[in-house]
Every structure is written in C-alpha cells, then in structure tokens.
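A.B. asks: I'd like to ask some things about the structure below.
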Amino acid sequence: MRRLWMVLLLALSLGSLGAVAARSAVVPGLAVRSATASVAGQLAQLERQVNQARNRGDNAWMLTSAALVLLMTGPGLALFYGGLVRKKNVLATLMQSFSLMAIITVLWALLTFSLAFGQGTAFLGGFEYLFLHGVGGAANPAYAGSIPFETYMVFQLMFAIITPALICGAFAERMKFSAMVVFMVLWSVVVYAPMAHMVWGEGGLLNAAQGGVFPTLDFAGGTVVHITSGVSALVTALYLGRRLGYPEEPMPPHNVVLSFIGACLLWVGWFGFNAGSALAASPLATSAFVATQFGAAAAAIGWAGAEWMRNGRPSLLGAVSGAVAGLVAITPASGFVGPMSALVIGLVAGIVCYLMVTKVKARLGYDDSLDAFGVHGVGGTVGALLTGVFAARAVNPIFNQQPVGLIDGHPAQVLDQMVGVAIAWALAIVGTFIILKIVDGIIGVRVPPEHEVQGLDITQHGEEAYNL
Amino acid sequence: MKKIEAIIQPSRFEAVKGALQEIGVQGMTILEVRGHGRQKGHTEVYRGSEYTVDLLPKIKLEMVVPDRLVEAAVQAILKAAKTGKIGDGKIFVSSIEEAIRIRNEERGEAAL
C-alpha cells in the first residue's frame, strides 16, 4: 500500500515539473521569473494543504473527544449512580442523567452557550451567540484557532451536560423529577454559565490563558465542573434533608456491577474530557492523556489501600470510587503537570476523598446519597489547589515561559487558585440555595414520604427496572 | 405419609438432591430462603457504611414421602448435608393427612 502511494506521489511531482518546464519553454525570456513565481505559488499551496490537514486532524480528535465526554454521562455516570441506589429507584436515577443529555442540549443551543462563551463582561458572556448565531465552520481564534467554532461549541456542550448530572448523586432517591428539571435549567443559567465564562470565556475574570484578573489554572474543569457540581450537591443534600430511614435503615447499593461498568466508562470518557481540553491533537493532549491515566490509577490504589488498612479488605466499589476521585482531581491539572505530579495528585485525592466519604460524612450526618460532594466537591478542590503547586512551564508555558506553579517558582499561583476555588464555592452555594428556594416554592423539591417508600421508578415514571 | 422439610446450606443442595433420588424419593419442592439459627451473620461495608447481614441464604427442601421411606430420606439428607460447622441447617418431620394428585384425583400414597 505504502509503495503504491510513493509511486503515485512520484508520478504527480514529475508531472508538475513537466508542466513548469513546458511553460518555460514556450516563452524563454520569462522562464526564470515565471518558474520562481510558480514555485512560490506551489509552496503557498502546499502550506495551505499542510495546515488544512493539521486542522482536520485536530477536528477529528475534538469531535471524538466530544463524543467521549457524552459517553461519560450516558451510560457512564448514569450506570455508576444507578448501581448505587436501591432497586426501586434505579430507573429514576438513570432518567435524571439521560434527561439532562436532552434538556441541556436544547438550552445550550438557545441560550447558555452564548452566556458562557460570548464576550459580555468579566462575569457573564453576552448574547451574540444566541440560537448559535455566527457559530459555524470557521475557527474562533479566541478559543481554538484550528477547529471550527461549531466543534468547540459542541465539545463544551458535553461538559455542560455532565456537570449538572453529577449533582444528581446528592439528591438521589428523593427528589421530584419535575423539580429536578426546573432546578437544572435554572442552575445551568445561574451557576454553570457564569463559572464557565469566568474561567474559560473571552474576557473572563479568572481566565488564565487570556490574562484574567485572577488567572486560575483549570485545564478541563476542576472549578467549572467539579467544584460547582460537588458544592451544589452538598447544598441540595442539606436542603432536601436525609432520605427516610437514613442512616438506621440499611441502604446498600443494589448492583455494584452496574457501578463498576459506569466507573470504567467514566475513566475511558475522561480521556476526551482532559486530553480533549488541549483543543488540538497536540503533544499537550498526549501529556493530559498520560496525566489522566496516572492520576486515576494512583487514586484507585490510594482509596482501596486505605480501605485495606482500615477494614482488612479492599473493596471493588472502593477501588472504582477512588479512580473517579483521582480523575476529578487531575482534571484541572491534567494539561499543566507531568506524570509524576499526576501520581501524587491522584494518591492524595484517593485518600482524602476516602476519608471524606467514610469518616467526615458519617460524623457530620448529612445524607449525600451517592457522595457527589465527597468525590467531586472535595476531589475538585484538592485538584484545583494542587494544580497551583505542581503546574510546570515545561509542560505548558501558559504564562509566556514564566514559572507557572509553586514548585516551578511561582508561589503566588496557589493564591490565584484559592481565589478561583473560593469563587466557585461561593457561586455554587448562593446560586443553588436561591434556585432551590424558588423551585421549592413553586412545585416542591421533595417527593411525598409514601412515594419515597414506594420508590421513584413507579411514582415518578410509572415503570420498574426488574420485571422478572 | 410424612412431610420432610430440610433447611440446608446452598452449597450442599446438589449432593442432597442426588442422595434423595438415589433412595427413590420421587419429587420435591425447593425454595431459596433466608434465615438464621445459631449461625452469626457477616458485615458488608459500602463506602464506609457497615451493614450486618444476619439473615443468610439457605435452601429449603420440602417433600412428602411414604412412611417406609422416612428414615432412609432423613439419613440421606444428614449424610449429604453435614459439614460439621454451624449453619448446616435443620430437618423437620411432620404427619400428612391426605395427598391428592390434581391430574387424575388419585389419593393417598398413590398420589405421591
């Protein structure tokens, strides 16, 4: 096959040389000048073709990444959460994730993409991209110079879908479906769009790549995705209160196998999430890909190892929960740190999230059903802060070759990270609380106790998962 | 006619069934049940939440046999089900007044 291509290429180049020679032969006096012009023209054309090929490579990777990130929500996160609930609530849990795949998509096209990525102010985007006006095949150099703006839009959409879906873990088994739909629509506008704009949007307050006032390093969404969702999860868990019977009544996961499949799909999809955030099929994408793998692995060992030491046995659920915690923590750091730093970040996240979920939650007594806060809120915060410690210009010279993180020689970055983390926490707490108050006032957020006992599958959706 | 009810370890079920068929027990009904006698349960831990599982899975066999087969059936179950550890289960024997085959309305031992 390769030989065939060589022969074809050779034939083509001989043919074009022949054409040049023939043209020179017709008007001998102009031969030299015309040959030079023609070579210059050919070079320009070749350069265009090389650029086009590179852009197409980037576009192929970015479309693949977008699909991988969608895979994280459905079936990844849906199964991860679905296995952890009791069997009377599994369909309702799957439906929460899946419905967001549809609802957030429509909302994104109409409104939220513009609010997140329009120019606007330092806090919120403008309205120029409403109804995706002007979002087409041409690149937007403010975001990604080598891919269609439309590709960037759809890649970012997948992030906007999974972020609210993560919150579902906190209110699982007790929230009204109708209330969830309204809550999520408002949350995407009030919390997600401003946070995404501040960190990644043109002119955003925290945008590190474009000289924001407090440049917060967040490669793939530690603050935008995991802190906002995790902290909002804690607020909803506190607002809704505990599930009936918690913690006296046993509520073990109804199918750990489903959770296992979901967690493994999350791990695979996360390569699109993190390596895709390089916005090109570049060496930086490879670096983020590698950091992702190493962070997840170290965290799985951290969580399962901590269990092994405390309980005498490592559990499968612990190992996969640890991997997810590591993926969360490496998310903001993935495009800024090398493999060894990724191992450290993952290990720390695995152990910290384990302690948070098993010890601190039990002591504080709140019912974050599936540990959305313990894994995403805590893991995201750990990751965002450690990004400020480990970020290195050798991996990503984002500050014009100046030192990037603490170890790199720029300790002030840790403070900038703290500002970004604090803003994400504050926005999530205030925004979520206000939205919950509104939704509770209009339709009520919690199902009646008899529906909770019967299960959400029958009472909210009129169907059952296992009709055997 | 006597009814024999035996609660046994699930892992011994195939051996018990084989031993009963060997001595000529014609039919049986089995149930998957949960319960406990003196055997203690175990704990399961999911993300730090501990659950004590004290009702353990068992198999319950029920069969009605002619009087002449009762002792042989009890011996067969004992031999096949015994591991010598707590949790091996129990056998209950009780009298049966009547048996009727639904298909042809035969009665008594002929219906077994």
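A.B. asks: Take chain B, connect every pair of alpha-carbon atoms lying under 10 Å apart with a spring to form a Gaussian network, then pick out the residue of B:Ile100, B:Ile91, B:Ile30 with the largest mean-square fluctuation.
C.D. replies: Answer for the Gaussian network model of chain B: B:Ile100.
A.B. asks: Any idea what the relative contact order of region A:64-461 is, in percent, if you count C-alpha pairs under 8 Å spaced at least 6 apart?
C.D. replies: Once normalised by length, the contact order is 23 percent.
A.B. asks: Would you work out the charge dipole size for chain A about its Cα centre, treating the Cβ of every Lys and Arg as +1 and the Cβ of every Asp and Glu as -1, and quote it to the nearest 20 debye?
C.D. replies: Rounded to the nearest 20 debye, it is 900 debye.
A.B. asks: Sticking with this structure for a sec: Just need the relative contact order of region A:96-218 here, percent rounded to a whole number, with Cα pairs under 8 Å and 6+ apart.
C.D. replies: RCO, region A:96-218: 30 percent.
A.B. asks: Relative to the compact globular guide of 2.2 N^0.38 Å, what is the alpha carbon radius of gyration of region A:226-383, as a ratio?
C.D. replies: After normalising by residue count via 2.2 N^0.38 Å, the value is 1.05.
A.B. asks: Could you point to the residue in A:Phe373, A:Thr73, A:Leu110 farthest towards the positive end of region A:64-461's charge dipole, with +1 and -1 charges on the Cβ of Lys/Arg and Asp/Glu respectively?
C.D. replies: A:Phe373
A.B. asks: Sum up the charges of everything whose Cβ sits under 10 Å from the Cβ of A:Leu206, counting Lys and Arg as +1 and Asp and Glu as -1, but leave A:Leu206 out.
C.D. replies: -2
A.B. asks: For the protein assembly as shown, compute Rh as the Kirkwood radius over C-alpha pairs and then the Stokes-Einstein diffusion coefficient at 37 °C and 0.692 mPa s; write the answer in µm²/s, rounded to an integer.
C.D. replies: 119 µm²/s
A.B. asks: Quick one: Karplus J couplings for region A:321-333, per residue in order, coefficients 6.51, -1.76, 1.60, θ = phi - 60°, nearest Hz, x for Gly and Pro?
C.D. replies: Once θ is set to phi - 60°, the couplings for region A:321-333 become 4, x, 4, 5, 4, x, 5, 4, 5, 7, 4, x, 8 Hz.
A.B. asks: Could I ask something else about it? If we count every other residue with Cβ under 12 angstrom of B:Asp67's Cβ, Lys/Arg +1 and Asp/Glu -1, where does the sum land?
C.D. replies: +1
A.B. asks: Of the residues B:Glu14, B:Glu98, B:Glu50, which exhibits the maximal mean-square fluctuation in a Gaussian network model of chain B defined by a 10 Å Cα contact cut-off?
C.D. replies: Looking only at B:Glu14, B:Glu98, B:Glu50, the largest GNM fluctuation is found for B:Glu50.
A.B. asks: Also, I was wondering about something else. With a cap of 16 neighbouring Cβ atoms within 10 Å, and only residues DSSP puts in a loop, list the chymotrypsin sites (Phe, Trp or Tyr not before Pro) found in region A:410-468.
C.D. replies: A:Tyr466
A.B. asks: While we're looking at this one, here's another question. Pairs of Cα atoms under 8 Å, at least six residues apart: use those to get the relative contact order of region A:316-405, whole percent.
C.D. replies: For region A:316-405, the relative contact order is 38 percent.
A.B. asks: Choose one of A:Gly137, A:Phe390, A:Val154: the residue whose Cα lies farthest towards the positive end of the charge dipole of the protein assembly as shown (beta-carbon charges +1 Lys, Arg; -1 Asp, Glu; about the Cα centre).
C.D. replies: Positive-most Cα among the choices belongs to A:Phe390.
A.B. asks: Okay, next question. Considering only the other residues whose Cβ falls under 15 Å of the Cβ of A:Trp303, what net charge follows from Lys and Arg at +1 and Asp and Glu at -1?
C.D. replies: Residues near A:Trp303 contribute +3 overall.
A.B. asks: Regarding region B:22-87, what are the three Cα extents along the principal axes, ordered largest first, in Å?
C.D. replies: Here the Cα extents, ordered largest to smallest, are 54, 24, 17 Å.
A.B. asks: Determine ³J(HN,Hα), in whole Hz, for all residues of region A:373-384 in sequence, where each value follows from phi through the Karplus function 6.51 cos²θ - 1.76 cosθ + 1.60 and θ = phi - 60°; x replaces Gly and Pro.
C.D. replies: Rounded to whole hertz, the list is 6, x, 9, 8, x, 6, x, x, 5, 4, x, 5.
A.B. asks: Binning at 5 angstrom from zero up to the longest distance, how are the C-alpha pair distances of region A:338-435 distributed in percent?
C.D. replies: Calculated P(r), rounded to whole percents: 2, 12, 18, 18, 18, 13, 9, 6, 2, 0.
A.B. asks: For each pair in B:Lys3/B:Lys58; A:Lys87/B:Lys85; A:Lys176/A:Lys359; A:Lys361/B:Lys58; B:Lys2/B:Lys90; B:Lys60/B:Lys82, compute the distance between the two Cα atoms and list the pairs where it is over 26 Å.
C.D. replies: A:Lys87/B:Lys85; A:Lys176/A:Lys359; A:Lys361/B:Lys58
The numbers here are math on the coordinates, done by the rules we state, and not lab data. Everything quoted here is computed from the prediction, not taken from an experiment. Neighbour counts are summed over all protein chains in view; Cβ atoms, including those assigned to glycine, are modelled from backbone coordinates with ideal geometry.
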